[in-house]
Amino acid sequence: MVGKGRHSVLAVRSPDPVLSLVGAVGLAAAVGTGLVVDLLTESAGGKRTLRDLAVDGPSLDELSPTRRGVALLRGGGVDLHTAIDIIGRLAERWPAVTVRVDRGELPFPVVPAVPLYPSGLLPSPSESHCVWQPVGVGSSPPGPGPVLPRLRPATLRRLLSLQMPRRSRWVDAWVPVWEMPWA
């Protein structure tokens, strides 16, 4: 496993569904080339899913990247145990893999991505470290972890369409996350 820094696979979990997806994409984009596995989305609109890889096996094109950038593989409703096995095989050849999750025990580190609302609106998270995404102004994190810059609407649109921005402070802010000792 090549990976970026100390990890080759990181999961992203967030109470906000948009932040969990864009966080997983941003984390993969921070590496340059990466695979996002979205375990929260069942349908792929005619494209292959992780469930298809479990049933039919992966093609050569799916085992490793064929171009620079971020690829997205939806879960297709595959069970977590099967997903973990396939993700491990994919991580052997992909430079970095990020996984969008909402719950479950995982054999790889989970990065909590937490919206940082104006003071007093957010209870302290139970995790020891989080990646904080400011929502509004005048808020400071109630716990340790990196604070991302404001996510610009144009950057959000590009990330959600898997068109990586040429330069983005927001994507660059995810780079050190690969090095952190996530529990």
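Test of understanding: among R68, R100, R48, R74, which residue is closer than 20 Å to A28 by Cβ and either of a type in the set (G, A, S) or in contact (Cβ under 8 Å) with a residue 40 or more places away in the chain (or both)?
Residue meeting the stated conditions: R100.
Just to check your reading of the model, which residue among E62, E92 is modelled with pLDDT under 90 and of a type in the set (D, E)?
Answer to the selection: E62.
Looking at T98 and the list (1) surrounded by fewer than 18 Cβ atoms within 10 Å (Cβ to Cβ); (2) at pLDDT 90 or above; (3) closer than 23 Å to L160 by Cβ; (4) β-branched (V, I, T), which single condition is not satisfied?
In the conditions (1) surrounded by fewer than 18 Cβ atoms within 10 Å (Cβ to Cβ); (2) at pLDDT 90 or above; (3) closer than 23 Å to L160 by Cβ; (4) β-branched (V, I, T), T98 misses (1) alone.
Looking only at the stretch 38-50, which residues are under 16 Å from G104 (Cβ atoms) and at pLDDT 90 or above?
D38, L39, L40, L50
Do we have L40 as of a type outside the set (D, E), in contact (Cβ under 8 Å) with a residue 40 or more places away in the chain and part of a strand (DSSP E or B) here?
Against the criterion (of a type outside the set (D, E), in contact (Cβ under 8 Å) with a residue 40 or more places away in the chain and part of a strand (DSSP E or B)), L40 does not qualify.
Among the listed residues V12, V78, identify the single one that is part of a strand (DSSP E or B) and touching a Lys or Arg at 6+ places or on another chain (Cβ under 8 Å).
Result of the check over V12, V78: V12.
Here is a list of conditions, (1) out of contact with any Gly (no Cβ under 9 Å at 6 or more places or on another chain); (2) over 25 Å from P134 (Cβ atoms), and V101 meets all of them except one; can you say which number that is?
Result: V101 passes all but (2).
Looking at this structure, is L10 buried (at least 23 other Cβ atoms within 10 Å of the Cβ) and either touching a Gly at 6+ places or on another chain (Cβ under 9 Å) or at pLDDT 95 or above (or both)?
On the way: buried (at least 23 other Cβ atoms within 10 Å of the Cβ): yes; either touching a Gly at 6+ places or on another chain (Cβ under 9 Å) or at pLDDT 95 or above (or both): yes.
Judged against the criteria, L10 is a match.
Restricted to the stretch 141-183, and to residues that are among the hydroxyl-bearing types (S, T, Y) and assigned to a loop (DSSP other than H, G, I, E, B), which residue is nearest to A24 (Cα to Cα)?
Only one residue tops the list, namely S161.
In the stretch 86-105, which residue that is assigned to a loop (DSSP other than H, G, I, E, B) and of a type in the set (G, A, S) is farthest from R51 (Cα to Cα)?
A96
The values are calculated or read from the model by the stated rules, or taken from the named source; none is laboratory data. This one's a predicted model, so the numbers in the text were calculated from it and none came from an experiment. Here the Cβ is made from the backbone with ideal geometry for all residues, glycine too, and neighbour counts use every protein chain on show.
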